[in-house]
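Here the structure comes first, spelled out in structure tokens, and everything after it is commentary.
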Amino acid sequence: MNGMEFYAYHGCSSEEQNFGNDFLVDIVIDTEMEKASKTDNLLDALNYAEVYETVKQEMLVVSCLLENLTQRILDRLFESFHQINVAEVCVTKMNPPVGGKMQSVSVNQKRTR
């Protein structure tokens, strides 16, 4: 799942938490696909719309650090979707306030069940 876009209020400074910023979330998920590939039935597959809603809910909970946010997303994914074997989450903050011009900063975490 690539390029999920959110406007959120994550960051250490009061400005970031008051005014917010644009964020991108990318997720790579390893799950068993054999049954779904044969049945062509959504009930046998990981529902990407439900994964998106899970990520969206976590993006609403303010974190100071992207490390905390990516960990919380991974926690929720593994709690909510038991068919996930491996997941990798990358959260990108656009135009971070670092005192100079920077396009983005990203934090990437991976977990195996």
The number of residues in region 43-64 that are within 20 Å of Val28 (Cα to Cα), surrounded by 12 or more Cβ atoms within 10 Å (Cβ to Cβ) and of a type in the set (A, V, I, L, M) is 5
Restricting region 23-36 to residues that are under 13 Å from the mean Cα position of the chain (by Cα) and surrounded by fewer than 16 Cβ atoms within 10 Å (Cβ to Cβ), the one nearest to Met102 (Cα to Cα) turns out to be Asp26
Taking region 68-103 and keeping only residues that are under 26 Å from Ser14 (Cβ atoms), at pLDDT 95 or above and loosely packed, with under 13 Cβ neighbours inside 10 Å, one is left with Gln103
Would you mind stating whether Asn95 is of a type in the set (S, T, N, Q) and on the phi > 0 side of the Ramachandran plot?
-> yes
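So how many residues does region 18-51 have that are more than 14 Å from Val91 (Cβ to Cβ) and either in contact with a Gly (Cβ under 6 Å, 6 or more places away or on another chain) or among the aromatic types (Phe, Trp, Tyr) (or both)?
Residues in region 18-51 being more than 14 Å from Val91 (Cβ to Cβ) and either in contact with a Gly (Cβ under 6 Å, 6 or more places away or on another chain) or among the aromatic types (Phe, Trp, Tyr) (or both): 2 in total.
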Counting only residues in region 1-17 that are surrounded by 11 or more Cβ atoms within 10 Å (Cβ to Cβ) and assigned to a helix (DSSP H, G or I), the one farthest from the chain's Cα centre (by Cα) is identified as Glu15
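The values are calculated or read from the model by the stated rules, or taken from the named source; none is laboratory data. On a predicted model such as this, the values are computed, not experimentally measured, just so you know. Here Cβ is always computed from backbone atoms with ideal geometry, including for glycine, and neighbour counts include all displayed protein chains.
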